[in-house]
1. Rounded to the nearest 20 debye, what is the charge dipole size of the chain about its Cα centre when +1 sits on each Lys and Arg Cβ and -1 on each Asp and Glu Cβ?
2. Apply the membrane-span-like helix rule to the chain: whole DSSP H runs, Cα extent along the own long axis of at least 27 Å, mean Kyte-Doolittle hydropathy at least -1.0. List the helices found.
3. Under a straight-distance cross-link criterion of Cα-Cα below 18 Å, which lysines are reachable from Lys146, leaving out those fewer than 8 residues away in the same chain?
4. Of the options Cys151, Thr12, Ala104, report the single residue whose Cα projects farthest towards the positive end of the charge dipole of the stretch 3-187 (beta-carbon charges: Lys, Arg +1; Asp, Glu -1).
5. Assign unit charges at the C-beta atoms only (+1 for Lys and Arg, -1 for Asp and Glu), then state the dipole size of the stretch 1-68 relative to its Cα centre in Debye, rounded to the nearest 20.
6. Keeping all protein chains in place, calculate the accessible area per residue for the chain (probe 1.4 angstrom), answer in Å².
7. By what distance, in whole Å, do the Cα atoms of the stretch 1-104 stretch along each of the three principal axes, largest value first?
8. Pop out the carbon and sulfur fraction of the accessible area of the stretch 3-187 as a percent, whole number, probe 1.4 Å.
Amino acid sequence: MESDRLLTLIKTRRSIRRFADRKPDRDTIDAIVEAARWAPSNHNRQGWKFVVFEDRGEIQALVEDVREAVEKAFVDAHRLAASHSDELIEGACAFGAAPVVILAMHKKRSAMGGKLLESAASELASGEALSTAMAVENLVLAAHAKGLGTCVMTAPLLAGEVWANVPDLPAGFEPTCVVALGYPAEEPDAPRRKALKHVIEYR
Ligand SMILES: Cc1cc2nc3c(=O)[nH]c(=O)nc-3n(C[C@H](O)[C@H](O)[C@H](O)COP(=O)(O)O)c2cc1C
């Protein structure tokens, strides 16, 4: 693909939060995850997994568990004004609008072994989460190229224990983000971007 077509694809991708009542089929989902598979990764470890939830009942049950856990966390913490916490709770549950939900997961650093990695100070230094984030960008762009909409979401992970307790998740992996996936039922305007001169620094 020429670079300007790629740039157009990148620029026209939007976070979609309202979806048509039509489920992407498995061939389509496979094709999207195929793009994720070709992302760069630290030492080419490909320390990622994509767990696809496509059962409405299971997604709804996750939404309810996330809602309960996040509500409880806010009540316990007394940290936020009620109005603000409502918004965050709704944000954490917004993945429930999608017919398909993909939990992107990265390999836990402790599971990687190796002295260097074990002594590395930060999660980022191990590269697993960053590699998975890059794979997720491939995934959302591939979805957009196929006419599907996505929204990357980390607010649902506020309910960490809910995801940790999902049965049969791959061992040794932890959630990176949730990706809501489906056919778009909205065409949002592009949120403003910072100007190039404000994000680039030449030395
Ligand atoms: C790491 C990450 C976490 C995000 N978490 C959420 C989220 O929890 N809920 C949500 O509605 N959108 C979430 N978003 C989507 C952003 O709000 C969105 O990308 C941003 O506003 C720019 O809009 P655009 O994606 O349409 O260009 C997230 C995006 C990223 C990259």
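1. 900 debye
2. 56-77
3. Straight-line reach from Lys146, under 18 Å: Lys11, Lys23.
4. Among Cys151, Thr12, Ala104, the one farthest towards the positive end of the dipole of the stretch 3-187 is Thr12.
5. 360 debye
6. That works out to 61 Å² for each residue.
7. The Cα atoms of the stretch 1-104 stretch 51, 31, 28 Å along the principal axes, largest first.
8. So the carbon and sulfur contribution to the accessible surface is 52 percent.
The values are calculated or read from the model by the stated rules, or taken from the named source; none is laboratory data. Values in this document were obtained by computation on a predicted structure and should not be read as measured data. Every residue, glycine among them, receives a Cβ derived from its backbone with ideal geometry; neighbour counts consider all protein chains shown. With ligands, DNA and RNA removed, areas are computed over all heavy atoms of the protein, side chains included. Shrake-Rupley method; radii C 1.70, N 1.55, O 1.52, S 1.80 Å.
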